[in-house]
Amino acid sequence: FTSPGIPLVYYGDEIGLAGGGDPDNRRMMPWEDEGDTLLPPQTALRDTVAALGRIRGENPVLGRGRRTTLAVTQDTWVYRMTGCGSAGASDVIVAINRADGANTVSVPAGSYDDLVSGAMASGGSISLGPRSFRILRFR
């Protein structure tokens, strides 16, 4: 959702739907929120995917901008999305940690809005929890 082009969410990925090889790869989609249909982690994943869609819709630079890598390690990637040509479109910094443990990454100096949490953030070193990400828009 933070890369140029059209995002792809395969059937069931938005809730972590279990599956396996054919024919087990097409389990029935649980459509109801009532009862115990979705587990709390599935609901949290669905909410995260919905938030990513909203963030992408509000920030055209994510779909139409240019990506510049700012820092990369075996487990982290920090990149800047810039220059989509839309009037007033701010640059966005994306920081990703795929590790099972926390990591600290550097982002450019400045003041940001954290588009995921809604909080304000400052540039420099930021902490990323295990298997997490931050999307920061310049203020």
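Can you say whether Thr76 is loosely packed, with under 12 Cβ neighbours inside 10 Å and over 12 Å from the mean Cα position of the chain (by Cα), as far as the supplied structure shows? So that I can check it myself, show each step before the final result.
Values: loosely packed, with under 12 Cβ neighbours inside 10 Å: no; over 12 Å from the mean Cα position of the chain (by Cα): yes.
For Thr76, the condition - loosely packed, with under 12 Cβ neighbours inside 10 Å and over 12 Å from the mean Cα position of the chain (by Cα) - is not met.
Report, ordered by the first and then the second residue, all pairs with beta carbons closer than 6 Å, sequence separation of six or more or different chains, a first member in region 69-83 that is farther than 23 Å from Gly5 by Cβ, and a second member that is at pLDDT 95 or above and not in a strand (DSSP E or B).
Asp75/Arg98; Asp75/Ala99
Could you go through region 47-60 and let me know if any residue there is of a type in the set (Ser, Thr, Tyr), over 26 Å from Ile6 (Cβ atoms) and surrounded by 12 or more Cβ atoms within 10 Å (Cβ to Cβ).
no
With the structure loaded, tell me whether Gln42 is farther than 20 Å from Leu136 by Cα, touching a Gly at 6+ places or on another chain (Cβ under 7 Å) and not hydroxyl-bearing (Ser, Thr, Tyr) or whether it fails that test. Spell out the reasoning first.
Working: farther than 20 Å from Leu136 by Cα: yes; touching a Gly at 6+ places or on another chain (Cβ under 7 Å): yes; not hydroxyl-bearing (Ser, Thr, Tyr): yes.
Yes, satisfied.
Residues in region 87-115 that are closer than 19 Å to Leu52 by Cβ and either surrounded by fewer than 13 Cβ atoms within 10 Å (Cβ to Cβ) or touching a Pro at 6+ places or on another chain (Cβ under 6 Å) (or both): how many?
1
The values are calculated or read from the model by the stated rules, or taken from the named source; none is laboratory data. Values in this document were obtained by computation on a predicted structure and should not be read as measured data. Glycine gets a Cβ as well: all are built from the backbone with ideal geometry, and neighbour counts include every protein chain shown.
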